[in-house]
Amino acid sequence: MRSATLIVSLLAAAVMSLSVDLGAQWPNYPTPGIPRLPDGKPNLSAPAPRAPDGRPDLSGVWAECEGGGTRCPSSERHFFNLAKDLKPADVLMTPWAAAVQAQREQREHVDDPFGYCLPPGVPRINFVIGGFKILVTPHVTAFLHETAAGLMFRQVFTDGRPHPVVSEPTWLGYSIGRWDADTFIVETTGFRDRGWLDTEKGHPHSDALRVAERFRRIDVGHMELAVTIDDPKAYVKPWSARAMLSLQPDTELLESFCDNHDKTMEHRRIDPAPPEPPSPPVSEGRSR
Amino acid sequence: MGAVVVLLSSVTYAQWLTYPTPGVPRLPDGKPDLSAPAPRAADGRPDLSGIWAAECTIYGRDACFTRSLFFDLAKDLKPEEVRMTPWAAQIQAQREGRNHVDDPYGYCLPPGMPRINFGGGPFRILRTPQVTAFLHETLVGMIFRQVFTDGRPLPVVAEPTWLGYSIGRWDGDTLVVETTGFRDRGWLDTSKARPHSDALRVTERFRRVNFGRMDLTITIDDPKAYLKPWTMTAPLALLPDTELIEAFCDSHEKTMGRRRIDPAPPEPPSPRLASEGR
């Protein structure tokens, strides 16, 4: 038996090895437009700003904890366990998903695509160390992510288009956004198999995954992010996680790419990965 | 070396999403009116928003990709306009002698600047008051650049990067983007394998000529690598009614193992400039 703590630290070490030059230099030009206290510090409890159209303005650099996500114990980070606040009965897996998860754990997480400089997937990309910037424009809201595997963006279309039928599924999916009162709802489909919802648990998802992200800015410094995982091939019923994001003022995203990829990768693979079985047809899971 | 880079991209390009781009002027038959005047933003500046691509990217229908700026950034210049320093000439010779296998872009690292503008896929420009973002579909990932337009100066960069640090300002109707803070080991182009140093300063001038066309003029100023600054211009075309497509390095692990000929002798670091002191 390995201790959970050891696994978590191994994982952390594996993922961190990609990011050694992170966090050393944070350009600290003051972020324009942030309300300030008399001493010049950001007033993080001021009311949430609003855009000219009256909607809350979600712009800014966000992360699950301070310091771009570095100042929380791993036990408090959804990056490691997206279901950390849920009971096991809330996240019951289908047999296919349970087998995939068991294989991932049995192989000591060496098959995590994020460890091979591939994207961390959705919603995990929101919880990696580094944080992300939201940019709001009339037809697209862009999410700019600093991740250990590289700078990468997601586009959320807000021009009223529907979800397309996706013939080539992707790691980050296809996202459309809409407002429900003061909450920005992003719905994403078009995922491929082999994604990991989180890092320690290795919760799988299938190409039937539908992620709903609900962003609600509470004040200048805080935003609630509620994530719903609806994947009838992988989970017996939909489940939701709730995270609190902190504004990272007066700082910037930093470039990181997988420069030491060729070195780390050779060391990490234990043996050739037995391919994970593809997800079954929906008829074998529950219906949505 | 074309084959090397194209190897990475076997999974993309089959599927282009075709939702009509909002805000594009249309002809009576519904096609985009690409010769309509360039749109303007609320502040009166030209609005550069949209998806853009240089001529002869790999999306071109003909074989002109091999004659593109991606392969030779100075293809329209005379050799004496891009004279290298001895350090740069030695690096270039090493890269060519090793059949280009050390190109970072072949290892899923960013194509660098300004090659990222010509490096395979198109890019989207998104404009907000403080930041203009460039969203690049590349063969190695969905990579963004931020261009700060909030008046900040270029910082002193302690940790140089592949894509540098960019600020933007308007010169009449031209958006001028200046970028510094680069690291050594970057490739300005692919076939010529032109090096740059950490002293590189790239100036990009974006001028939208009409709805469908933008001229991008680039100046390479790198006193460690080139005897004098040099400038080239690339026409960019708007791509309407389409979208960027996700591409990441899924085949990386397979291709990489085969590609290295032998361990790369490290390229010598760029020399110090007199102005940098000792």
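What follows is calculated from the coordinates using simple rules that are stated; it is not laboratory data. Bear in mind that the values here come from a model prediction, so they are computed numbers and not experimental data. Glycine gets a Cβ as well: all are built from the backbone with ideal geometry, and neighbour counts include every protein chain shown.
Please go through the residue pairs A:87/A:233; B:31/B:78; B:75/B:228; A:41/A:133 and name each one whose alpha carbons sit more than 28 Å apart in this structure.
Numbers: A:87/A:233 20 Å; B:31/B:78 40 Å; B:75/B:228 17 Å; A:41/A:133 20 Å.
In this structure, B:31/B:78 exceed 28 Å between Cα atoms.
Can you tell me the Rg and the Dmax, both Å, for the Cα atoms in the stretch B:2-262?
Every Cα atom of the stretch B:2-262 included, Rg and Dmax give 18.4, 60 Å.
When A:201, A:233 are ordered from fewest to most other Cβ atoms inside 10 Å of their Cβ, what list results?
Listing A:201, A:233 from fewest to most nearby Cβ atoms yields A:201, A:233.
Please give the average number of partner chain Cβ atoms lying within 10 Å of the Cβ of each residue in B:109-119, rounded to a whole number.
If you average over the peptide's residues, the count of other-chain Cβ atoms is 1.
Averaged across the residues of B:21-29, what count of C-beta atoms belonging to other chains lies within 10 Å of each residue's C-beta? Walk me through the numbers before you get to the answer.
Details: counts 2, 7, 3, 0, 0, 0, 0, 0, 0.
Across B:21-29, the average partner-chain Cβ count within 10 Å equals 1.
Taking other Cβ within 10 Å of each residue's Cβ, how do B:67, B:169, A:216 sort, fewest first? Can you show the working numbers first?
Numbers: B:67 15, B:169 12, A:216 18.
Neighbour counts put them in this order, fewest first: B:169, B:67, A:216.
Over all residues in B:100-108, what is the mean tally of Cβ atoms on other chains that come within 10 Å of each residue's Cβ? Write out the running numbers ahead of the final one.
Numbers: counts 0, 0, 0, 0, 2, 0, 0, 6, 9.
Averaged over the peptide's residues, the number is 2.
What is the antiparallel percent of DSSP beta bridges lying wholly in the stretch A:4-269, to the nearest 5? List each step's numbers first, then the result.
On the way: 52 of 55 bridges.
Restricted to the stretch A:4-269, the bridges split so that about 95 percent are antiparallel.
What percentages, rounded to whole numbers, describe P(r) for the stretch A:4-269 computed over all alpha carbon pairs with 5 Å bin width beginning at zero?
Result, from short to long distances: 1, 6, 12, 17, 19, 17, 13, 8, 4, 2, 0, 0 percent.
Treat the count of other C-beta atoms within 10 Å as a stand-in for reagent exposure and order A:196, B:87 from fewest to most.
On the way: A:196 25, B:87 17.
Least to most surrounded, the residues fall as B:87, A:196.
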